Amino acid sequence: MAASVRDNKERSRFELDIGSELAFANYRLTPSAVIITHTETPRALRGRGIASELVKGALDLIRRDGRKVIAGCGFVVDYLDRHPEDADLVA
């Protein structure tokens, strides 16, 4: 997909535009980590890998900022289990 994940700091969430729809992942910050608390993909777009793209983009932003991640959402737990290459980010 051509869209990129952005960090909407005012709303404490990572966002990914898919056409006129929006997928997002809410987070809370700690001094050294980002806790992803919930991911949401519009119902009509589920099953297309959009949530995985969202989490991958969020992890890239977290890595760029030198932080760690805490999976506070079942989807993120599953994503990290399926992607051991991101294990270095886990707090």
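Odds and ends about this structure:
- Subset tally (residues that are open to solvent by less than 70 Å² (accessible area, probe 1.4 Å) and either modelled with pLDDT under 95 or in contact with a Pro (Cβ under 6 Å, 6 or more places away or on another chain) (or both)) for the stretch 1-16: 1
- Failed criterion for PHE75 (all others in (1) within 19 Å of SER4 (Cα to Cα); (2) modelled with pLDDT of 95 or more hold): (1)
One line per residue, one yes/no per condition, for (1) in contact (Cβ under 8 Å) with a residue 12 or more places away in the chain; (2) open to solvent by less than 20 Å² (accessible area, probe 1.4 Å):
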residue	(1), (2)
ILE50	yes, yes
VAL55	yes, yes
LEU59	yes, yes
ARG63	yes, no
ALA71	yes, no
PHE75	yes, no
ASP81	no, no
ALA91	yes, no
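Residue-wise test of (1) assigned to a helix (DSSP H, G or I); (2) under 10 Å from the mean Cα position of the chain (by Cα).
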residue: LEU22; (1), (2): no, no
residue: ARG28; (1), (2): no, no
residue: ALA44; (1), (2): yes, no
residue: GLY47; (1), (2): no, no
residue: LEU59; (1), (2): yes, yes
residue: VAL69; (1), (2): no, yes
residue: VAL77; (1), (2): yes, no
residue: LEU80; (1), (2): yes, no
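- Taken over the stretch 28-48, the residue count meeting the criterion of being open to solvent by 20 Å² or more (accessible area, probe 1.4 Å), modelled with pLDDT of 95 or more and not β-branched (Val, Ile, Thr) is 4.
The values are calculated or read from the model by the stated rules, or taken from the named source; none is laboratory data. Nothing here was measured: the structure is a model prediction, and the numbers come from that model. Reconstructed Cβ throughout: ideal geometry from the backbone, glycine too, with neighbour counts over all protein chains shown. Just so you know, the surface numbers come from the protein's heavy atoms only, side chains and all, with ligands and any DNA or RNA stripped out. Shrake-Rupley method; radii C 1.70, N 1.55, O 1.52, S 1.80 Å.
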